[in-house]
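Here's the structure, in structure tokens; my notes come after.
The values are calculated or read from the model by the stated rules, or taken from the named source; none is laboratory data. Fair warning: this is a prediction, and the values are worked out from it, not measured in the lab. Virtual Cβ from ideal backbone geometry, glycine too; neighbours counted across all protein chains shown. Keep in mind that these areas ignore ligands, DNA and RNA; they rest on the heavy atoms of the full protein, side chains included. Shrake-Rupley method; radii C 1.70, N 1.55, O 1.52, S 1.80 Å.
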Amino acid sequence: MRMATALSVVVLAASGIGHAVVTGLDTGITRVDPFRDMKNRPQAGHGMNVLVVGTDGRDRITPEEKEKYRLGGAPCHCTDTVMLVHISEDRERASVVSLPRDSYAEMPEHTDLNSGRRHSSHPVKLNAAYAEGGPGLTVRTVESMTGVKIDHYLEVDFTSFMRTVDAIGGVQICTTRAVKDSATGLDLAAGTHELDGGQALQYVRSRHIDGAADIGRMQRQQKFLAALIDRATSGGVLLNPVRFREMATTMLSSVRADEDFGTDQLLALAKAMRGFTPASSEFVSVPIGDMSFPVKGIGSTVKWDAAKAQKLFQALREDRPLASAAQKAAAGAAGKGAAPRTAVVDVAPRTIRVQVYNGTRTDGLGRKVDDALRATGFATTRTPMTGSGQERKQTLVEYDPRWDRSAKSLAAALPGAELKAVPGRGGTLRVTVGADYRGVTGVRSEDAGRGGPFEAVTGDQVVCP
């Protein structure tokens, strides 16, 4: 997550900012040579591949910030986040692949930077490659695991993360339920939030919100990046040379990169990616086969699904989209205003079973509502019934208290509906349509956009509606 600022350098250059504004920005970048003496590298594919890593930089944060954002302890000399960013050859798409830091890896033969000892190939967790061999060994390890040739290397710690978010004016994040993590201090109620730099850092670092742990954290990091792109491309930053230079200077102040990544590369991207939007980005986590693969002397590791991962990285080498064609079509339609964004809910509609009753005297309304709810994804019974008693003025949703989250998701699709808990009702929710019914609002769960063979999601599907 601490690489967000570095990735933004690639994305924000797409604005078409002039050479006079961009020239000289790269003088603040610390240079490294991660490709020195590398042999037997993968064959180059199409497009550009950037390995972006986030390292711990809490030793540069003020004592006040350490206390406020729970950043105590000594910094580790390792990569906390690893992402492979692919920029398509036509510069119309950015694909971001998250690689879990605890991924099981076979580290190539190398010399330990700390001890000077020569090591043969041995199993490790992916984030240990940086600790033992720095950027060079990290690149070699990722290339060995993925078969993807890395063109550029970007490294950033999180000390400038907060300043960068503040420079862009913050980011907007939506949560369908309250999220709280005592380890980072994150505490957000359900709803829409404008996060400043410190809150954004808490958001992307949190991994104790639910049982998803690092996988959930990677998805939140992806959601943050999409929000960052959305704010940058729609908030006027890219059209304001003063704000752009301020933000870019903040970003680059802590970046380490290879010698060949500089002003010329930024300008080349700028010319080709003028129409970049959140819909132009897609995010995916490498397919997992075993979340807790034990390795003697190392402990629990994350083992990839070899077959699915191979297909994923083959798609990158061949410069193919990771999101499905249907997702791309939906994203394009939304960008043209043909498909309105739907409300994000906590529970996926497909998992909610609904029985519809017509509580009015309008013939066929029960069938109409059943069809509308099914169209937006709910598992309706397809057998609407006639309600008993007098005509209802307000639509009613009755639910068993054990399914309260499902009831709230259903109510979001029926604006103005009354919620009523009925103990013992069971897993099927009951909707009695009232005279106030004005249609069904489309809803989706946070990860509903993930689809296709790689469970990818496009940026416009995860930003706030």
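Take peptides 147-156, 218-227 and line them up by average Cβ neighbours within 10 Å, highest first, as a rough protection proxy.
Packing order, densest peptide first, comes out as 218-227, 147-156.
Mind listing the long-range amide H neighbours of S281? Cut-off is under 5 Å, sequence gap 5 or more, other chains count too, H placed in the peptide plane at 1.01 Å from N.
Counting only residues 5 or more places away or on other chains, the set is A94, G459, D460.
How large is ³J(HN,Hα) for each residue in segment 86-97, as worked out from phi by the Karplus curve 6.51 cos²θ - 1.76 cosθ + 1.60 (θ = phi - 60°), to whole Hz, x for Gly and Pro?
Per residue, the Karplus-derived 3J(HN,Hα) values read 10, 9, 4, 4, 7, 6, 10, 8, 10, 10, 10, 10 Hz.
Determine the share of segment 88-237's accessible area contributed by carbon and sulfur atoms, expressed in whole percent, with a 1.4 angstrom probe. Could the numbers behind the result be given before it?
Details: 2200 of 5150 Å².
Whole-percent figure for carbon plus sulfur exposure: 43.
Once phi is turned into θ = phi - 60°, what whole-Hz ³J(HN,Hα) does the Karplus curve with 6.51, -1.76 and 1.60 give for every residue of segment 351-367, x standing for Gly and Pro?
Per residue, the Karplus-derived 3J(HN,Hα) values read 8, 10, 8, 10, 10, 9, 10, 8, x, 10, 9, 7, 4, x, 5, x, 4 Hz.
Whole-Hz Karplus ³J(HN,Hα) for segment 124-131, in order, using 6.51 cos²θ - 1.76 cosθ + 1.60 and θ = phi - 60°, x for Gly and Pro?
My calculation for segment 124-131 gives 8, 8, 3, 5, 7, 4, 5, 5 Hz in order.
Give, in nm to one decimal, the length gained when the segment between T383 and R367 is fully stretched (0.36 nm per residue of separation minus the Cα-Cα distance).
Going from the current span to full extension adds 5.0 nm.
Cα-Cα over 30 Å: which of K223/K303; K149/K303; K125/K408?
Check vs 30 Å cut-off fails for K125/K408.
Using a 1.4 angstrom probe, figure out how much accessible area segment 377-465 has per residue, in square angstrom, rounded to the nearest whole.
Values: 4310 Å² over 89 residues.
It amounts to 48 Å² per residue over segment 377-465.
Which residues' amide hydrogens lie under 5 Å from the amide hydrogen of F293, considering only partners 5 or more residues apart or on another chain, with H built in the peptide plane?
Those qualifying (amide H under 5 Å, at least 5 residues apart or on another chain) are T301, V302, K303.
Based on the mean of other beta carbon atoms within 10 Å per residue, what is the order of 128-141, 293-306, most packed first?
Sorting 128-141, 293-306 by mean packing, highest first, produces 128-141, 293-306.
Check which residues have an amide H placed less than 5 Å from I352's amide H, if you skip close sequence neighbours.
Here A379 satisfy the definition.
Under a plain spin-label model, where a point goes 7 Å from the Cα along Cα-to-Cβ, how far apart in nm are A183 and K393?
5.2
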